[in-house]
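The values are calculated or read from the model by the stated rules, or taken from the named source; none is laboratory data. What you see is a predicted model, and the numbers here were worked out from it, not measured in a lab. Positions of Cβ are backbone-derived with ideal geometry, glycine not excepted, and every protein chain shown enters the neighbour counts.
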Amino acid sequence: MKLEANTYKYIVNPETIDFKGRMTVPSLCEHAINAIGQNIRIEGYGIDVMQREHRSWVLLRSAFEIDSRPELYDRFNITVWPVPGNGITYNRCISVTDDQGNELGRGTTEWCIIDIESRRPIFPELNLGGIEKSIPCRSPRRIREFTPETTDSRRIVYSDCDFNGHLSNIRYVDMLYDMLPETIIDSPGPVRLDINYRHEVRLGEKMSIGLKNNNDNEILFIARNNEQTLCSASLQRA
């Protein structure tokens, strides 16, 4: 099988924009993950194939840099390509461009494959390497533990869950943006979003979420189930 970069076309629909008419950051991140999933399927290792082998893809870390967000009914493209991973990881990168080819953003993600029953990683054996195309931005940073300044709590409901019955990774971005002040979510300026996914949480379980202003340009997010950290994130503004 030949590994290559593939481009997927999208359009900004009304349900993906905010009250300023721009596509929301969570929606843009969700489209990026969707494009990566399509690309993995083309490579022959989609969700359906993995489930038959009692395996599953798990997202470990991601980083997205968004320079500007498309507006209602704008057409945009997401190009996905594989780069070699390290140890047990598989890396997939993206570039977001408008219909004229101008870059709107970029990102890189780190994945592993787990055994569905044991939930433990499987050492790479799929011969999925990469192509001679560089990572478009800094790799996802590791976010240290911290004590949040603002907290909230919620229970995981049906609409939060993915095909595994666990909280969908993209919901963490929704939760982060739900807690942000309007002055930040209203800003059209460039942002960088780093996310570390640590543990899974199931339907019906409770979790606490929190924010901390790390400095004038960075906000930290954390999600916990009791004392166990589920996810942490950093949102940096230019």
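Here are some notes:
- Filter result for the condition that a residue is in the same structural domain as E205 (by TED's automatic domain parsing), surrounded by 13 or more Cβ atoms within 10 Å (Cβ to Cβ) and within 21 Å of E65 (Cα to Cα), over D186, D174: D174
- Residue among S56, S27 that alone is within 26 Å of S139 (Cα to Cα), hydroxyl-bearing (S, T, Y) and not in a strand (DSSP E or B): S27
- Residue within the range 72-86 that is farther than 25 Å from N6 by Cα, assigned to a loop (DSSP other than H, G, I, E, B) and not hydrophobic (A, V, I, L, M, F, W, C) present: no
- Test for R41: is it closer than 19 Å to R92 by Cα, free of Cβ contacts under 8 Å to residues at least 60 places away in the same chain and either among the basic types (K, R) or not assigned by TED's automatic domain parsing to the domain that holds E65 (or both): yes
- K9 falls short on exactly one of the conditions (1) surrounded by 16 or more Cβ atoms within 10 Å (Cβ to Cβ); (2) part of a strand (DSSP E or B), and that condition is (1).
- In the range 197-210, the count of residues that are exposed (fewer than 15 other Cβ atoms within 10 Å of the Cβ), free of Cβ contacts under 8 Å to residues at least 60 places away in the same chain and aliphatic (A, V, I, L, M) is one or more.
- Flag if V12 is more than 24 Å from D194 (Cβ to Cβ), among the β-branched types (V, I, T) and not assigned by TED's automatic domain parsing to the domain that holds C161: yes
- Lone unmet requirement of (1) crowded, with 21+ Cβ neighbours inside 10 Å; (2) under 18 Å from N169 (Cα atoms); (3) in contact with a helix residue (DSSP H, G or I) (Cβ under 9 Å, 6 or more places away or on another chain) for G105: (2)
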